[in-house]
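For reference, the structure is listed below as structure tokens.
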Amino acid sequence: MRTTLAALACLFAAACSGASSTTGPKTLAPAPARTSAGASSAATASATASSTAAAPRSAAEQEAQAFVKSLVDIVRPLQVEANRAWFQASVTGTDEDFAKSTAAENAVLRFYSDPARFAQVKALRAETGIADPLLRRELEVLYLEMLGKQVEPALLEQITALGSEVEQAFNTYRGKVDGREVSQNEINEILRTSTDSKALREAWAAQKGVGALVAPKLKRLVALRNEVAHKLGFRDFYAMRIAENELDEDKLLALFTQLDELTREAFVGYKAEVDARLSKRLNVPAAKLMPWHYQNPFFQDPPAVFNTGLDEVYEKQDTLALCRTFYSSIGLEIDDILARSDLYEKKGKSPHAFSSDVDRQGDVRILANIVPGLEWQSTLMHELGHSVYAKYTDQSLPWLLRTEAHALTTEGIAMMFEELAPNPNWAAALGIIDAPTRDKALPEARSFLAFAPLQFSRWTLVMLHFERELYRDPEQNLNKLWWDLVEKYQGLHRPEKRDEPDYASKIHLVVAPVYYQNYMLGQLFASQVQESIAALEKREPLDAIFYKDPQVGEFLRTKIFAPGGRYRWDELTEKATGKPLGPEAFAHRFSKK
Ligand SMILES: [Zn+2]
């Protein structure tokens, strides 16, 4: 039941399909600005026409509209080509296809980094004579996409090269267990299956070993990123990324503080249960459980202590057919998406999963590696969540706005669907388990569906605070800071006398900087949407399974998918759910055990 992981694997891939990737066709791309996944869709030729309404345009508006159209005419084919090339490279894995993909990505990057173009966008963005909200939004999207790229190309290239070097180090790193070299997969396998504390500790330390290897380079990367941010007038790279993501740093911190307060008690309660089960399994007193006892190097995903039996159920099912039946039952048709998709394992193909809106005019497709079972059932439900979002975005919107509102909104929707697969109520509604099996599975499923997001929320608190500090003061004692945060938010014990750069073993700090908050915000968004839908269905959020309820599809289509990038994410959230994004709906799910 590794649903959270499935979501993460996906988001990177989705992000990577966007315009602003600076490392080319890697599976784990650097975090894009908010528009990048968006920039990977496509559009009508009419560009801004639909936004004009009947009002006469001012001279400034006419100028801006013509300018935006001229930019879209250039960047749209470049972006579509980059999306196609990247999908193709992900399917074949050949050097030739990767070279094409990199070249196409670079063409998009060159477009957005052009200083003269940026100066014009910036001037028009400041122009007060432009009233049309869609046109203003288009200018904002362009501005944000270009902003972080307005430094000497040599500096950006240095960052890209160093990032690739570190990523390569991650890919090729082999830790040692029992004197033998082991891959990351082998390490994970030991962590998941061994019950021997010594072996577990060794495997865990082997994973952390990559941290010591890459830490000096990560620090160099942090310095270079800060240099870019300083040149562009930001306090540091963290502040710059947050601004590029259209987030307000103070509000973000306040929201995470509130999240911490609202989830702490529930998390501690569920963790005690997890500890008790692990203690029994490993024959280690609960108070003596150490980070290596939790089956995951970062304690970001639940150990396999919840057993619903659904894994075996899904292994015998047709993964695709269940998705078809479900999505169709809520009025969202996915046959065309699946027909264009590349769904099964093959040699050279990316082992991950993602959804790509290739051309923003209907070519939405998935890359997956389906193996029947709960994991891929969840993953496919997740990817199709992204796909239906893209498919049902208003096709008459201007090209630049025919995207999701924000990475967090599409990720939230995808996670909301993903969570249905491990829900026995959903499985029973689809007729794959009978009522007694469902009732037997429910208590375990409830615990899992509560603990997994709670645990993940605590982990995102660690990442959020660590990254902010990393860029604010890279020279501080980061080894200590990391464990201070892990103890505070995740409730794990720091290994005695440990003084190693364990933070650096988290690849996201390198390849997806200042991005983690989006996962958590996506969860909060999903909970709020779920609450709104549950109100339609008149059920408690966790009992809402949506099946055969066309109101759900209608709600999502009209309130969230159709508006695309028309509104900023916070405005969309209020319009769709009736309130600003907050942690209450998320926390409410865990308020009664
Ligand atoms: Zn995703």
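Each value in this text was obtained by applying a stated rule to the coordinates, not by laboratory testing. Bear in mind the structure is a predicted one, so any value in this text is a computation, not a measurement. Cβ sites come from the backbone with ideal geometry, for glycine too, and all protein chains shown count toward neighbours.
Quick look at the numbers
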| quantity | calculated |
| --- | --- |
| Anisotropy class of region 221-296 from Cα gyration tensor, a/c 1.5 cut | oblate |
| Residue-by-residue Karplus 3J(HN,Hα) for region 225-239, coefficients 6.51, -1.76, 1.60, Hz, glycine and proline x | 5, 5, 4, 4, 4, 4, 4, 8, x, 9, 4, 6, 5, 4, 4 |
| Gained length - Glu540 relative to Glu152, 0.36 nm times residue gap less alpha-carbon distance | 134.3 nm |
| Virtual spin-label span in nm between Arg174 and Asn477, 7 Å along Cα→Cβ | 3.6 nm |
| Ratio of Rg to Rh over the chain (Cα coordinates, Kirkwood Rh, two decimals) | 0.95 |
| Using a Förster distance of 22 Å, the FRET efficiency for Lys122-Asp248 (Cβ separation, nearest 0.05) | 0.60 |
| Residues Arg192, Arg264, Arg241 arranged by fewest to most Cβ contacts within 10 Å | Arg192, Arg264, Arg241 |
| Three-way shape call for region 200-244 based on the alpha-carbon gyration tensor, with the a/c threshold at 1.5 | prolate |
| Residues of type aspartates and glutamates that Lys391 reaches as a straight line, Cα spacing below 16 Å, ignoring anything fewer than 8 places off in the same chain | Glu333, Asp335, Asp336, Asp357, Asp359, Asp363, Glu383, Glu404, Glu411, Glu554 |
| Virtual spin-label span in nm between Thr193 and His588, 7 Å along Cα→Cβ | 4.4 nm |
| Size descriptor, Kirkwood hydrodynamic radius, that averages inverse alpha-carbon separations across region 120-249, Å | 18.2 Å |
| Cα→Cβ-extended label distance, 7 Å offset, between Ala59 and Ala161, nm | 4.8 nm |
| Under Karplus coefficients 6.51, -1.76 and 1.60, residue-wise ³J(HN,Hα) of region 146-151 in Hz, glycine/proline x | 8, 3, x, 9, 8, 10 |
| Qualifying lysines (Cα of each under 18 Å from Cα of Lys349; at least 8 residues distant if same chain) | Lys26, Lys100 |
| Relative contact order for the chain, counting Cα pairs under 8 Å that sit 6 or more residues apart, in percent | 21 percent |
| D (Stokes-Einstein, µm²/s), Kirkwood Cα radius, region 410-546, 1.002 mPa s at 20 °C | 124 µm²/s |
| Dipole axis of the chain (+1 Lys, Arg; -1 Asp, Glu on Cβ), positive-most option in Thr460, Phe417, Gln517 | Thr460 |
| Extension reserve of the Glu186-Ala276 stretch, reckoned as 0.36 nm per residue once the Cα distance is removed | 29.8 nm |
| Mean Cα-pair separation over length for region 164-278, i.e. relative contact order, pairs under 8 Å, 6 or more apart, % | 16 percent |
| Global form of region 431-479, assessed from the alpha-carbon gyration tensor, a/c cut-off 1.5 | prolate |
| Out-of-range pairs (alpha-carbon distance over 26 Å; input Lys69/Lys579; Lys231/Lys488; Lys506/Lys559; Lys208/Lys497; Lys251/Lys497; Lys122/Lys575) | Lys69/Lys579; Lys231/Lys488; Lys506/Lys559; Lys251/Lys497; Lys122/Lys575 |
| Cut-off 13 Å between beta-carbons: net charge of the residues surrounding Ala535, Lys and Arg +1, Asp and Glu -1 | -1 |
| Fewest-first ranking of Met520, Met146, using other Cβ atoms within 10 Å as the exposure measure | Met146, Met520 |
| Helix-only [θ]222 nm of the chain, DSSP H runs n ≥ 4, -39500 (n - 2.57) each, per residue, nearest 500 | -19500 deg cm²/dmol |
| Peptides 197-207, 228-238, 118-128 ordered by average Cβ neighbours within 10 Å, highest first | 197-207, 228-238, 118-128 |
| Exposure proxy order (Cβ contacts within 10 Å, fewest to most) of Tyr173, Tyr519 | Tyr173, Tyr519 |
| Val177 long-range amide H proximity, modeled H, under 5 Å | Val182 |
